[in-house]
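The values are calculated or read from the model by the stated rules, or taken from the named source; none is laboratory data. Since the model is a prediction, treat every value here as computed from it, not as a measurement. Using ideal geometry, Cβ is built from the backbone for each residue, glycine included, and neighbour counts are taken over all protein chains shown.
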Amino acid sequence: MDFSDTPEDAAFRREVQEFVAKELPPDMRAPDEMTLGVGVGEDPRDMEWLKKLATRGWVAPSWPTEYGGAGLPAMQQFIFNEEMARARAPRPNYIAIGMVGPTTIVHGTEEQKSEHLPGILSGEIYWCQGFSEPESGSDLASLQTRAVEDGDDFIINGQKIWTSGAHRADRMIMLARTDSDGPKHKGLSYFFLDMHAPGVTVRPLTNMAEMHSFNEVFFDNVRVPKKDMLGELNRGWYVALTTLAFERSGIVNAVALQQLLGEIVEATRPYRRAGDVHARNELADRAIEVHVAIMLSHRVASVQAKGQMPIQEASITKLYCSELGQRIARTAVGLAGLYGQLGPGSPWAPLMGRIERTYLIQVGATLAGGTSEIQRNIIATRGLGLPRN
């Protein structure tokens, strides 16, 4: 693979870098734990940044121009994401822009695109993702939230959990069971749900780092119009695979891990003994692994540039980055010693307590977005052609 930019891509990279240097205030650059996907874009200034991106068509650069994007090829979208990650630019409404919009463009009717895409681009409509349930996380197809046809509507009852940003979302993409008699993968349908509809209840879930981004959501006879089903009845699983492929295919996490490691090297220097070979070797291992993560992201981009869907490639990248994040966090705490256990607010905490916070956040990295076990199953069956049993 040729990792060098073409002349056109190099010019675009410089254009993005110059735009960010001019338009992004230094105090809007997110800390590492936000860049790694924990934040849900709650800074009110995020909308100001969204409007600046809109002047270039860069809210959703790879969307077709007829839907409000810039129509950029896949490799330039990758370059854009990479440079935004290196600048630690905020990602407001990223579930909507990075997952809901692309899935709607692939599977939606023209009416659905006209109704939902403008609100995503403007930032006026905030979205969340309702897939996981208390008993259906790794085995997502076993979910039990039900949608029953009733005239021009579906009536939905059930529960979702670990729903990022649900406490401020206007809409939700969700899976619900519409057929209990057939194979579990073939009885699901994919819906757009109004979070302000009667019967929707949101309760906060606070993680170990004492951050509130997750929620549990309950549905009590919630009506969803049939026009808000995306794709075909009972074939929502295949629509969801599109969403998950977009979720797992970015460069953002790999760049964030590289930046975090660089800060850890400097922040733990006072706690390391001169000539500590073990510490030096461990940091060298992490540095090599970060470079591998970036190369895996380039592989995903190369598949996308060919017009293909990077199913197993995206799973490889997600699996590697989430487990690498945990190794980096363990390395940081180990090198900082007892100081690494101090949280934000302590004057003795290295990186203002972000080592402790990152360690706690990374515990869930191999669960969120599909567990490591699920990623390995996808790699085995879709990538290597191994039998399911």
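Could you check His278 against (1) under 30 Å from Glu373 (Cα atoms); (2) out of contact with any helix residue (DSSP H, G or I) (no Cβ under 8 Å at 6 or more places or on another chain) and say which number it fails?
Single failed check for His278: (1).
Scan the stretch 64-79 residue by residue and report those that are farther than 21 Å from Gly119 by Cα and β-branched (Val, Ile, Thr).
Ile79
Need a quick list: strands (runs of 3 or more DSSP E) entirely within the stretch 126-218 having at least 2 residues that are buried (at least 21 other Cβ atoms within 10 Å of the Cβ).
Those strands (runs of 3 or more DSSP E) span 127-130, 153-160, 171-177, 188-194.
If you go through the stretch 104-111 one residue at a time, do you hit one that is of a type in the set (A, V, I, L, M) and outside the structural domain of Val16 (by TED's automatic domain parsing)?
For the stretch 104-111, residues of a type in the set (A, V, I, L, M) and outside the structural domain of Val16 (by TED's automatic domain parsing): present.
Do any helices (runs of 4 or more DSSP H) entirely within the stretch 1-59 hold 1 or more residues that are buried (at least 19 other Cβ atoms within 10 Å of the Cβ) and at pLDDT below 90, and if so, which?
By residue number, 32-35, 46-54.
On the given criteria, is Ala267 buried (at least 16 other Cβ atoms within 10 Å of the Cβ), among the aliphatic types (A, V, I, L, M), over 22 Å from Ala96 (Cα atoms) and modelled with pLDDT under 95?
On the way: buried (at least 16 other Cβ atoms within 10 Å of the Cβ): yes; among the aliphatic types (A, V, I, L, M): yes; over 22 Å from Ala96 (Cα atoms): yes; modelled with pLDDT under 95: yes.
Answer is yes for this residue.
Picking from Glu83, Glu115, Glu111, which residue would you name as being without any contact (Cβ under 8 Å) to a residue 24 or more places away in the chain and in a helix (DSSP H, G or I)?
Numbers: Glu83 fails: without any contact (Cβ under 8 Å) to a residue 24 or more places away in the chain; Glu111 fails: without any contact (Cβ under 8 Å) to a residue 24 or more places away in the chain.
Of the residues listed, the single one that is without any contact (Cβ under 8 Å) to a residue 24 or more places away in the chain and in a helix (DSSP H, G or I) is Glu115.
Given (1) under 24 Å from Ile173 (Cβ atoms); (2) modelled with pLDDT of 90 or more; (3) not aromatic (Phe, Trp, Tyr), where does Arg86 come up short, assuming only one miss?
The failed condition is (1).
Please determine whether any residue of the stretch 64-79 is more than 30 Å from Pro7 (Cβ to Cβ) and modelled with pLDDT under 90.
There is no residue in the stretch 64-79 that is more than 30 Å from Pro7 (Cβ to Cβ) and modelled with pLDDT under 90.
Go through the stretch 323-367 and give me each residue that's in a helix (DSSP H, G or I), polar (S, T, N, Q) and over 17 Å from Val265 (Cβ atoms).
Result: Gln326, Gln341, Gln362.
So, in the stretch 222-245, of the ones that are of a type in the set (Ser, Thr, Tyr) and crowded, with 17+ Cβ neighbours inside 10 Å, which residue ends up farthest from Ser136 (Cα to Cα)?
The first filter runs over the stretch 222-245 and keeps only residues of a type in the set (Ser, Thr, Tyr), leaving 238, 242-243.
If we keep only those that are crowded, with 17+ Cβ neighbours inside 10 Å as well, we get 242-243.
Numbers: Thr242: 19, Thr243: 17 Å.
Only one residue tops the list, namely Thr242.
Say we look at the stretch 350-389 and pick out the residues that are within 18 Å of Met211 (Cα to Cα), aliphatic (A, V, I, L, M) and in contact with a helix residue (DSSP H, G or I) (Cβ under 8 Å, 6 or more places away or on another chain); which of these is surrounded by the most Cβ atoms within 10 Å (Cβ to Cβ)?
Ile355
Which one is surrounded by the most Cβ atoms within 10 Å (Cβ to Cβ) among residues in the stretch 270-302 that are part of a helix (DSSP H, G or I) and small (Gly, Ala, Ser)? Break it down stepwise before answering.
Here is the first cut: in the stretch 270-302, the residues part of a helix (DSSP H, G or I) are 270-271, 277-302.
Keeping just the survivors that are small (Gly, Ala, Ser) gives 279, 284, 287, 293, 297, 301-302.
Numbers: Ala279: 18, Ala284: 10, Ala287: 15, Ala293: 22, Ser297: 26, Ala301: 24, Ser302: 18.
Only one residue tops the list, namely Ser297.
Under 6 Å between Cβ atoms, which residue pairs at least 6 apart in sequence (or on different chains) link something in the stretch 58-75 that is touching a residue at least 40 places away in the same chain (Cβ under 8 Å) with a partner that is surrounded by fewer than 18 Cβ atoms within 10 Å (Cβ to Cβ) and part of a loop (DSSP other than H, G, I, E, B)?
Hits for this filter: Pro64/Gly71.
Working carefully through the options Gly307, Gly370, find the one that is in contact with a Leu (Cβ under 7 Å, 6 or more places away or on another chain), at positive phi and assigned to a loop (DSSP other than H, G, I, E, B).
Gly370
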